[in-house]
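Novice: Just dropping this structure here.
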Amino acid sequence: MRLPDCVAVLTGASGGIGLELADQLCSAGARVLAVSRQQGKLAELMARYPGQLRWQQADLRCAEGRRDVLEAARAMGSCNLLINAAGVNRFALLEQMDEAALDELFDLNIKAAVQLTRLCLPLLRAQPSALVVNVGSIYGSIGYPGYATYCASKFALRGFSEALRRELADTSVNVLYAAPRTTRTTMNSSAAQALNQALKVGVDDPQDVARAVLDAVQAERSELYLGWPEKLFVRLNGMLPGVVARALRKQLPLIRRYSTWHSKESSK
C-alpha cells in the first residue's frame, strides 16, 4: 500500500506512537482522520498539514463516540486504512487494580478496537485494497508479571487480528498486527520506567516505532514484532514457555517492589 494513496482513520492520535504515525502519514502525502479525546499536540500538526489532517474528538469507549468516528470517516469520502493505536497501559499487580481501571483498560484496548473495526469494515471493503492495523505489544505474546491485565487485552487483540485476517482472506482487506516492545511514551508510569531501568529493558522511540509500522504497511505485511531480544523471547515463549517462566520468576522481587511504588503513587 502506497502511503500517498492512504486515507486513514487513526485512533490514539494525540500522543506517543499515534502522534508520530499521524505526522509521518501526513508527511508522506496521506489524508488522516486523527481520533482522540483531547487535541493536545495534534494542533501543531493540523497547522502544518491543513489540507490533510482532520481531528475528530471521540471517546472510543462509548458507542456514540465510535459512531461519530464512522460518520467523520464517511465524510472524507473514502477510507482504506484503519489504525487502532488507542490504548492504555497499567503496571500493577492484579490485586492492586480497581474495577474502574480494569474496565477502562479493556474497554479501550480491545472493545473499542473490535467495535470500531466492525463499524468501518463496509468502508474498507468498498476499496480495491484496504488494511486494518492493530497496534498491540510484545506483551500480547508473553504473559509478564505486573502486566496481567494489559497482557490479557493485548493477547485478545492479537487473537482478534489473526482471526479477522483469516475471516477476510478472500476480500480486499488485510490485517496487520504490530507488536512494539517498551516504547518511550507517557503511558509508562514512573514506577514502570524505574522497573525498566532496573531490568535494563530496551526502550524504543515512538518515531522509530511509527516508521517501522508504516514500512510494514507499505510492504503489506501481516505481522510485525519489534525489538531484540524481545522477538526471540516471543518465539521461545511459544515453544518453551517453562524456560521463560523460570527466567521471569527471578524478576518477581523487583516487579513486586516497583508495583508497590506504583500503588503508593496511585493513592496520592
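The values are calculated or read from the model by the stated rules, or taken from the named source; none is laboratory data. Treat the numbers as computed from the prediction; the structure is a model and nothing was measured. Here the Cβ positions follow ideal geometry from the backbone for every residue, glycine too, while neighbour counts run over all protein chains shown. In case anyone asks, the SASA skips ligands and DNA or RNA and just uses the protein heavy atoms, side chains included. Shrake-Rupley method; radii C 1.70, N 1.55, O 1.52, S 1.80 Å.
Novice: How about the stretch 133-154: which of its residues are without any contact (Cβ under 8 Å) to a residue 24 or more places away in the chain and surrounded by 23 or more Cβ atoms within 10 Å (Cβ to Cβ)?
Specialist: Passing the criteria: only Tyr139.
Novice: Gly40 - would you say it is at positive phi, open to solvent by less than 50 Å² (accessible area, probe 1.4 Å) and not in a strand (DSSP E or B)?
Specialist: no
Novice: Within the stretch 14-23, is even one residue under 25 Å from Ala216 (Cα atoms) and assigned to a loop (DSSP other than H, G, I, E, B)?
Specialist: Scanning the stretch 14-23 turns up at least one residue that is under 25 Å from Ala216 (Cα atoms) and assigned to a loop (DSSP other than H, G, I, E, B).
Novice: Which residue, of Val217, Val244, is surrounded by 18 or more Cβ atoms within 10 Å (Cβ to Cβ), more than 23 Å from Ile17 (Cα to Cα), of a type outside the set (Lys, Arg) and in contact (Cβ under 8 Å) with a residue 24 or more places away in the chain?
Specialist: Being surrounded by 18 or more Cβ atoms within 10 Å (Cβ to Cβ), more than 23 Å from Ile17 (Cα to Cα), of a type outside the set (Lys, Arg) and in contact (Cβ under 8 Å) with a residue 24 or more places away in the chain holds for just one of Val217, Val244, which is Val244.
Novice: So, Glu64, is that one closer than 15 Å to Ala8 by Cα, open to solvent by 60 Å² or more (accessible area, probe 1.4 Å) and assigned to a helix (DSSP H, G or I) or not?
Specialist: Against the criterion (closer than 15 Å to Ala8 by Cα, open to solvent by 60 Å² or more (accessible area, probe 1.4 Å) and assigned to a helix (DSSP H, G or I)), Glu64 does not qualify.
Novice: Are any residues in the stretch 187-204 farther than 14 Å from Tyr150 by Cβ and either touching a strand residue (DSSP E or B) at 6+ places or on another chain (Cβ under 6 Å) or in a loop (DSSP other than H, G, I, E, B) (or both), and if so, which ones?
Specialist: Passing the criteria: Lys200, Val201, Gly202, Val203, Asp204.
Novice: I would also like to ask the following. On the given criteria, is Arg2 among the basic types (Lys, Arg), over 30 Å from Asn196 (Cβ atoms) and open to solvent by less than 30 Å² (accessible area, probe 1.4 Å)?
Specialist: no
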